[in-house]
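Report on the structure given below.
The values are calculated or read from the model by the stated rules, or taken from the named source; none is laboratory data. Given the structure is predicted, the values throughout are model-derived calculations rather than measurements. Cβ atoms come from the backbone with ideal geometry, glycine included; neighbour counts cover every protein chain shown.
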Amino acid sequence: MSLEPSEDILSIAAHWRAAGEDVAIATVTETWGSSPRPAGSRMAVTASGKLAGSVSGGCIEGAVADAALATIASGTPQLLDFGVTNERAWEVGLACGGKVKVFVERLS
Amino acid sequence: MTPALIAALAEARAAARPVVLATSLPDGRQCLLPDPAADAALNAAAAAVLDADRAETRAIGGASWFLAPQNPPLRLIVVGAVHIAQALVPFAAATGFAVTIVDPRNAFATDARFPDTTLIGDWPDEAMRALAPDGRSAVVTLTHDPKLDDPALDHALRSQAFYIGALGSRKTHAARLRRLAELGHDAAALARIRGPVGLDIGAVSAPEIALSIIAELVAARRGAALGRLDGKQAA
C-alpha cells in the first residue's frame, strides 16, 4: 500500500520514538504566496540529528531543526513564522517570496 | 503528538477510513475527527477539508485549528500486466496511488514481474465489478486487446472514476470508440476517455510513456490547466 509522503513522516517519527529517540514533528500549517511545500507538509527531527521530510525547499529546515531541539528540551510547542527574506541579507527566510507558518511539537 | 495518535492514524489508513488530525494552535491540543463528542463546527470543518483534500488552518469558535485530512489512498486500476504497467507502478506508488493490476493472462500477471503490487487474475468485467471504481479512482487500459480493454472501459464509463485512459494509436482509439458507442455510451461519456493516453512529451520508452500517463493523472487530480509553468508557448 502506498503512502502519501506527508503521512509517512509520522510513521518514521513513531518508529524513531519507539527506538528510544527524542523526536519533534514540524508541520506547515499555513502558506502565503509561492511557498514550496503545501500546508500539511511535515518534517521529523531527533535530538540525535536524524531528519526526515521537509517544510520548505530547504530554506528554513535548519532554523526549524533548531526550534525542534528547543521544543524537545522544553516540551513546549512553538508556532513559527517565516517571511520574505531580503536576497542579500543572511537572515533565515524564503527567497521565493512566500511566507509560511510552521508548528513544532514534541512527540511524547 | 503521541505515538497512540499516530497509531490511530495508521489504523484509519489501513481501514480506508477518512479522518482529520485536528491541532489547536498554538497549544498543540489534538484530536481525530469526525468525533461525535467534538464541537459540531469542528466536525463540519473536518468534513470540508476531507472533501477538498487539503490541509488548512481555520478559526473555529474563537480558536485557531489546523486541520490535516487523511483520505484513503487514490486508486489506480491498470488493465494489462504489460511492460508499461511495470514502469507505471513505481511512479504511481511515489505519487500516492494504490495500484491494482488486472490481467487474466497468467504469463503476464506474475509476482515476479509485479512485486508488492495487488494482482487480479480475473477477466476485466468481473474484476471491475468487484473493484467498483469511485471518484478517487483512475482506470488505465494497456492491453491493446479489445476483449480485455473494452469491458474495463465500459465499466469505467459507468463509474465516477476521475480519470480513464486507454493506450493505443489514434486509429485504434477511433475503432474502440465506435465499439463502445455500440454498447450505449454517448459522445459526452466517450470524451471522458483519454486516448491515446498520456501527455504529449514525445515519450518513446516504456518509462517515458509511464511518466506521460502519470503526469496526465496528476494534472487531472489537481485540476491543472496544462501548459508550461513559465507561460511561454511550446516552440
- [ ] Determine which single condition B:Q70 fails, assuming it passes every other condition in (1) touching a strand residue (DSSP E or B) at 6+ places or on another chain (Cβ under 9 Å); (2) without any contact (Cβ under 8 Å) to a residue 60 or more places away in the chain; (3) within 14 Å of chain A (Cβ to nearest Cβ).
- [x] (2)
Open item on the list: Take the conditions more than 14 Å from chain A (Cβ to nearest Cβ) and more than 22 Å from A:T31 (Cβ to Cβ) and apply them to B:A44. Does it pass?
Closed with: yes
TODO: Find the residue count for region B:25-37, including only residues that are within 9 Å of chain A (Cβ to nearest Cβ) and of a type outside the set (S, T, N, Q).
DONE: 4
TODO: Being within 22 Å of B:A152 (Cα to Cα), in contact with a Lys or Arg (Cβ under 6 Å, 6 or more places away or on another chain) and hydrophobic (A, V, I, L, M, F, W, C) narrows it down to one of B:I214, B:I164, B:I209, B:I193, so name that one.
DONE: B:I164
Task: Listing of helices (runs of 4 or more DSSP H) fully contained in region B:1-107 that carry 2 or more residues being out of contact with any Gly (no Cβ under 6 Å at 6 or more places or on another chain) and closer than 27 Å to A:D22 by Cβ - done: B:3-14
- [ ] Return the only residue of A:A13, A:A52 being within 11 Å of another protein chain (Cβ to nearest Cβ) and closer than 20 Å to A:Q78 by Cβ.
- [x] A:A13
Task: Residue check for A:G53: closer than 24 Å to B:D53 by Cβ and at pLDDT below 90 - done: no
Open item on the list: Checking the conditions here, which among B:A55, B:A63, B:A16, B:A22 is closer than 20 Å to B:A4 by Cβ and either within 14 Å of chain A (Cβ to nearest Cβ) or modelled with pLDDT under 95 (or both)?
Closed with: B:A22
Task: Single unsatisfied condition, A:C59 versus (1) modelled with pLDDT of 95 or more; (2) outside any helix (DSSP H, G or I); (3) surrounded by 13 or more Cβ atoms within 10 Å (Cβ to Cβ) - done: (1)
